[in-house]
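The values are calculated or read from the model by the stated rules, or taken from the named source; none is laboratory data. Remember, predicted model here, so these are calculated numbers, not experimental data. Positions of Cβ are generated from backbone atoms using ideal geometry, with glycine treated the same way; all protein chains shown enter the neighbour counts. The accessibility values were calculated without ligands, DNA or RNA, using every heavy atom of the protein model including side chains. Shrake-Rupley method; radii C 1.70, N 1.55, O 1.52, S 1.80 Å.
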Amino acid sequence: TMLQLGVPVQSVLSAGGIDYFAVSWSSAEAEEDLLITLTEGSGVPVLYASCQIAFPNATAHEWVLDTRDDNLLRINVTESKRAGCVGRSVYLSVVSSPDTMATYTLLASADLSSLVPLLVPGVQLQGTVKTGKMTYYQVRLGKSSQDVDVILTVRTGEVDMYVSDSYEGRPVVAEDGTVKNFTQSSDQTGSDRLLIKHSHFATCTVDCYYII
């Protein structure tokens, strides 16, 4: 099964069962670390990953994520380049223990920490944006969607805010100058305040965030 970045997949494994996945890590995302989140619903699912082996397993893999120890696997850019992963697929397998079934949610995403500045509650952040362009920020929410109150103070010019719940589906300026790919927006003249309502977005239970 091919995973899409930012789209969680849920599955049920019988005792000793195994699911196989692949995620295409294109050059656009490969400047950032690849994050694999495995959240167990029941049982003890274990994930094996490789960019060399199409069906990684307990004895043949490059990375492993055991939900008894952690729920997040970070495939580092430097490590992945040494392994020859950039620009190709990363193969994943999720395995249940031999005597217990397992349920889980699997999510692959690009680490945005160096690409998109993080907005921290209560901390002001200054920035600029060019005419007809976008400057992006992220608000991390954890394992559940929440309402977020954003205050925008405009020093010069005119600035609007647009919000999506994924970087892959982030707001962009189309060729005709209109903005597409957003769920909430505010185009009030001058300084502004926008209450991002989580009820306007799809339900999220893993690695939730907003892109503004």
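Solvent exposure of the chain amounts to 55 Å² per residue of accessible area, where only protein heavy atoms count and the probe is 1.4 Å. In the chain, the DSSP-assigned H stretches of four residues or longer account for a calculated mean residue ellipticity at 222 nm of -1000 deg cm²/dmol, using -39500 (n - 2.57) per stretch and the full residue count as denominator. Between Cys204, Thr189, Leu92, the Cα set farthest toward the positive side of the dipole of the chain (charges on each charged residue's Cβ, about the Cα centre) is that of Thr189.
Apply 1/(1 + (r/R0)^6) to the Cβ-Cβ distance of Thr135 and Thr203, taking R0 = 35 Å, and write down the FRET efficiency to the nearest 0.05.
0.80
Number of Lys-Lys pairs in segment 99-212 with C-alpha atoms under 19 Å apart and a separation of 8 or more places or on different chains: 4.
Sorting 134-141, 33-40, 116-123 by their mean Cβ neighbour count within 10 Å, with the most densely packed peptide first, gives 33-40, 134-141, 116-123.
With the Cα gyration tensor of the chain giving a ≥ b ≥ c as the square roots of its eigenvalues, does the rule (a/c under 1.5 for rounded; else a/b larger than b/c for prolate; else oblate) give rounded, prolate or oblate? It is prolate, given that a/c is not under 1.5 and a/b is the larger ratio.
Ranking of Thr205, Thr59 by solvent-accessible surface, largest first: Thr59, Thr205 (1.4 Å probe, protein heavy atoms only, all chains present).
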